Amino acid sequence: MSYFERHIFFCLNQRENGDNSCAQHGAQQGFDHCKARVRELALGGVGAVRVNKAGCLDRCAGGPVAVVYPEAVWYSYVDNSDIDEIVEKHLKQGEVVERLRLPDHIGR
Ligand code: FES
């Protein structure tokens with residue numbers, strides 16, 4: 001068994017030169033909201049869910065992005081309701097939220 005059942009990483013990268021980055025598209029808000037929801041629902045901890053910050057995940061064109069392991073499912077989200085759905089369906093129940101999946105061809 002892995003230390004965490006599921007691990008979600010949010011890109012919070014901010015490019016100082018003004019180039020496109022997830023931080024320009026609400027990444028911090030998404031991360032903060034996810035942390036809060038996981039806490040409210042008591043989903044966090046060893047053997048459960050961990051929410052982590054990440055630097056650039058190299059899929060900037062789809063930003064803001066997050067990735068959930070061990071399934072290695074990539075998401076692009078817009079607002080708190082998208083985050084709520086990822087938390088409720090994927091982090092809690094293990095169901096992939098197909099409508100928020102980042103298309104495979106989206107890269108940097
Ligand atoms: S800046 Fe977020 S994936 Fe690159």
Counting only residues that are at pLDDT 95 or above, more than 9 Å from the ligand (Cβ to nearest atom) and not β-branched (Val, Ile, Thr), how many does region 11-44 have? 17
I'm trying to understand the selection: among the residues of region 54-108, which are in contact with a Leu (Cβ under 6 Å, 6 or more places away or on another chain) and either among the polar types (S, T, N, Q) or loosely packed, with under 15 Cβ neighbours inside 10 Å (or both)? SER76
Checked against (1) within 25 Å of SER2 (Cβ to Cβ); (2) surrounded by fewer than 19 Cβ atoms within 10 Å (Cβ to Cβ), ASN20 satisfies every condition except (1)
Region 20-77, residues that are over 23 Å from GLY107 (Cα atoms) and touching a Gly at 6+ places or on another chain (Cβ under 6 Å): VAL38
Pairing a residue in region 62-78 that is within 9 Å of the ligand (Cβ to nearest atom) with any residue that is among the charged types (D, E, K, R) and modelled with pLDDT of 95 or more, where Cβ atoms lie under 9 Å and the two sit 6 or more apart in sequence or on different chains, gives VAL65/ARG59
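The values are calculated or read from the model by the stated rules, or taken from the named source; none is laboratory data. As the structure is a prediction and not an experimental result, all values here were calculated from the model. Note: ideal-geometry Cβ built from the backbone for every residue, glycine included; neighbour counts use all protein chains shown.
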